[in-house]
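A quick write-up on the structure given underneath.
Values in this text are rule-based calculations from the coordinates and carry no lab data. Since we're looking at a predicted model, the values are computed, not measured. Note that each Cβ is placed from the backbone with ideal geometry, even for glycine, and that neighbours are counted across all protein chains shown.
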Amino acid sequence: MITLHWLYVLAGAVFAGFALGSARDETNPKRWGNTAFWGLLAGSFWFGDFLGDIGNGMLVLVLVATAGLHLIGCGTKESTTHAERERFSARHGNKLFLPALIIPFTAFVGTLLFNYTPLKGLNLIDPKAVTLVLLGCGVIIALIESYAWLRAPALAAVDEGSRLMNGVGWAAVLPQMLASLGVIFAAAGVGTTIGAIVGAIIPSGSVFLAVLLYALGMVVFTMIMGNAFAAFPVMVAAIGVPILIHGDGGNPAVIGAVGMLSGFCGTLMTPMAANFNIVPAALLELRNQYGVIRAQVATALPLLIANILILFIAGFHL
Amino acid sequence: MIDYWPLLGIALVVVGFALRFNPLLVVAVAGIVTGLLGHMTFLKVLATLGHGFNENRYVTIIWIILPVVGLLERYGLQERARTLIGGIRGATTGRLLIVYLAIRQILSALGLTTVAGHPQTVRPLVAPMAVAAAEKQHGKLDEDTDQRVKAMSAATDNVGLFFGEDIFLAIASILLIQGSLASFGIQLTPFQLSVWAIPSAICAFLIHSTRLLLLDRSLGRRK
């Protein structure tokens, strides 16, 4: 059975490739820092399960120090010039989209195959890893197809991949670091503390105020933790079940579903949700690392109001 | 008596992000401080951090896609995306992103959340197309406008994902809602929950589409 570990081996190889590509880029004055940074990640993917918790903790500290002491940078190497790219683009035409579409197509077909055909029963892939395994397959197929068709130099994928990876830089591991922070927060009892604080300021008598506090609590707590998943069980225990469902007789399906979606409005407004908000800013080379969040606030706030109204009307008056 | 000290870690994160220290450093320091204030020994904090990091490696796997994207960019993928949009009459940034929003919401509602995303589709395809459409409407973009269009492309992907995925029955958040309520003796099926994700999904589409049409108007105006 294909498990997550197969993918970790593949990911380790790709990050080793980023380390190699960074070392080859002489236009980057900090290239050895980058090599160390991606090399450490490759090590984490390959050997993480053998290092022990303390060993992994030390690895994290070195990784953080490399980024925190500004030892990683970005090169200026251009593989092909703009004019060359225009020429290639004209020559290859719309077929260039093909390899790019192989990855989503593999995910699409694979998801259907493994959920709705007898393949499901064969246990070829660990159910917890299906989407990521399909992503990995898509990447491998797309790489083979591109090489066969474009006849690129052997190390082109390594160099081009590291060019993009170094553009993203430390932001690439921020989501994983935030997930680890969530583990520490949980171990230190942050969630229970916040639940107790919210529980202590519940307004009595007004259903609307209780709904408002529930939704705003979801938003604020989601913004702090970076995802609504951490906030939801706490807010449901503090307000959702005791006040809204048992106290005021609200519809539990609405309280649950729309409460979570109110939290998603918070996800749109916080740098803690790094993979959605900080990473794309780096990936699109935005000057302001909060540029994506700024673009989202004007959608998130009206949508939050809409969610509060849905909670109030559908939850209590339908 | 509630122990409020671990909350200091949250304050550290907020201050650190606001002062724009390196976020990796901020998160590591906040984690260690929170752990120590929560009465853990330093070694215990280090082990928790290392364990959490190792268990969450799957979050970082997505980057294995970059060699493919980079290779195709070397052979003119972004230029091709621009040419394609340039050839479609009536294509505007707003209309393009509205179509993308709808596709992203529908695919997510079908459980196909990883089919699109920032590395998979936004960087190689959607953002260059949105910029190309803006250049058709507006002429050459100044840097602020260019950045605004790119940021809006990423924002559209997020809105489409967040407010589509909960319509799918077997998504993690629906299962979490079901589990959390079940622990209080409230039994609901995923279907009962996902139905109530639909009104918010419609609101999200209407609100964000309106903003995209407004973006079109402001792009047209400054020609």
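The calculated FRET efficiency for A:E285 paired with A:T117, based on their beta-carbon distance and R0 = 51 Å, is about 0.75. Put a plus charge on the Cβ of each Lys and Arg, a minus charge on the Cβ of each Asp and Glu, and nothing anywhere else: the dipole of chain A about its Cα centre is then about 460 debye. So, in nm, how far is label B:W5 from label A:F50 when the simple model puts each one 7 Å beyond its Cα toward the Cβ? So the label points at B:W5 and A:F50 sit 4.0 nm apart. Straight-line cross-link partners of A:K30 among the lysines, defined as a Cα under 30 Å from its Cα and at least 8 positions apart when in the same chain: A:K77, B:K150. Relative to its residue count, the protein assembly as shown spans a Cα convex hull of 154 Å³ per residue. Once C-alpha pairs closer than 8 Å and six or more residues apart are averaged by separation and normalised to the residue number of chain A, the relative contact order reads 16 percent.
Mean separation of Cα pairs under 8 Å and 6 or more residues apart, divided by the residue count, gives segment A:1-71 a relative contact order of 32 percent. Over the C-alpha trace of segment A:189-316, radius of gyration and Dmax come out as 15.3, 50 angstrom. Relative to the Cα centre, the charge distribution of the protein assembly as shown, modelled as +1 at Lys and Arg Cβ and -1 at Asp and Glu Cβ, gives a dipole magnitude of about 1320 debye. Peptide B:91-99 shows a mean partner chain C-beta count of 0 within 10 Å per residue C-beta. How many partner chain Cβ atoms sit within 10 Å of a residue's Cβ in peptide A:216-227, on average, as a whole number? Taking the mean over all residues of the peptide, I get 1.
For the pair B:R221 and B:R20, label points projected 7 Å from Cα toward Cβ lie 2.8 nm apart. Taking GluC sites (Glu not before Pro) as exposed when DSSP calls them loop (any state but H, G, I, E, B) and at most 15 other Cβ atoms lie within 10 Å, what is the longest stretch of chain A free of them, the sites themselves excluded? Result, exposed sites excluded: A:79-284.
Over all Cα atoms in chain B, the spread is summed up by Rg and Dmax: 22.0, 67 Å. Averaged over the residues of peptide A:78-85, the number of Cβ atoms from other protein chains lying within 10 Å of each residue's Cβ is 3. When chymotrypsin sites (Phe, Trp or Tyr not before Pro) are flagged only if DSSP places them in a loop and at most 16 other Cβ atoms lie within 10 Å, the longest unflagged stretch of chain B comes out as B:22-183.
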